[in-house]
Ligand code: ASP
């Protein structure tokens, strides 16, 4: 794999209590995602194209709660949210509660480039996909047996009680995201999710909300978040990280400071991946785990399920 001068890419595959037996699949999936995005960067592609490519691979992987394999809502349907943001001009494309699109991140990018709107939801988002020739899929194509079983087990004793997004039980959270810096010095971020298990139909979490599920600004950083959407959106976590960077913090400090605010001001848990304009990486979380992978400008791939101290304050080796 050839190094691409100054380029850096980071992906995540969710945070929270990722069950031990699926750690390997999460790490391998993150590696696949990062490899796909890196191939774009090393062939001269933009940060925007790289985060889309990385997230598409993660959406295809049924390990994650994004695209195929997503959690089911209370009506046993897959409803997907995604966002993509370009740090050059703050342009954003986001889609919410779409049911028939296998790659919502691509629909979000199409919205970014082909529409004056920043966000479309539900049937309108799917109409936009049709109008622009994006494949429409049957709901079954996004459904896995594992998720159907999870839903059936939860509903076996009658209607589950009022929706309890995270509750007291260990809860998988497998949203995916990517942040990239390209050789031209441009940043981009993308996040894609099936949302929380057993969510009310129509529920939209933090992921497609600008500044919450992701943010990218060439002046500061690119950030993708995962975790308890209802909490993450209250502190506008991805923009919060960028604001801390604007104040002079490094990528890791800014991620940790934002997670600290999340913990202080909400009962929520979550994680962020951060990539600043100099190529410095931060990975912060108050969940037990955050599955991630990154490539530095030397082409080295690093994967993990936690962000140990040794992963902190990583700098790209581009000498900036
Ligand atoms: N943040 C996502 C949501 O609340 C869930 C996740 O990150 O896994 O929809």
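I'd like the orientation of helix 122-131 relative to the chain: the angle between its Cα long axis and the longest Cα principal axis, in ° from 0 to 90, rounded to 10.
That helix lies at roughly 60 degrees to the long axis.
Quick one: angle between helix 251-265 and the longest Cα principal axis of the chain, in degrees between 0 and 90, rounded to 10, please.
Helix 251-265 sits roughly 40 degrees off the main axis of the chain.
Counting only Cα atoms, I'd like the Rg/Rh figure for the chain, Kirkwood definition for Rh.
0.95
If you rank 64, 244 by fewest surrounding Cβ atoms within 10 Å, what's the result?
Least crowded to most crowded, the residues run 244, 64.
Over the C-alpha atoms of the stretch 20-106, what are the Rg and the largest Cα-to-Cα span, Dmax, in Å?
14.0, 44
Among 280-290, 262-272, 117-127, what's the highest-first ranking by average C-beta atoms within 10 angstrom per residue?
Descending mean neighbour count gives 280-290, 262-272, 117-127.
For the residues 199, 234, what sequence is obtained by ranking on other C-beta atoms within 10 Å, fewest first?
The fewest-first ordering by Cβ neighbours comes to 234, 199.
Relative to the longest principal axis of the chain, what angle (0 to 90°, nearest 10) does the C-alpha long axis of helix 145-155 take?
Approximately 50 degrees, to the nearest 10.
Here, each number is a calculation from the coordinates, and none is a lab measurement. Here the structure is a predicted model, which means the values were calculated and not measured. All Cβ positions, glycine included, derive from the backbone under ideal geometry; neighbour counts span all protein chains shown.
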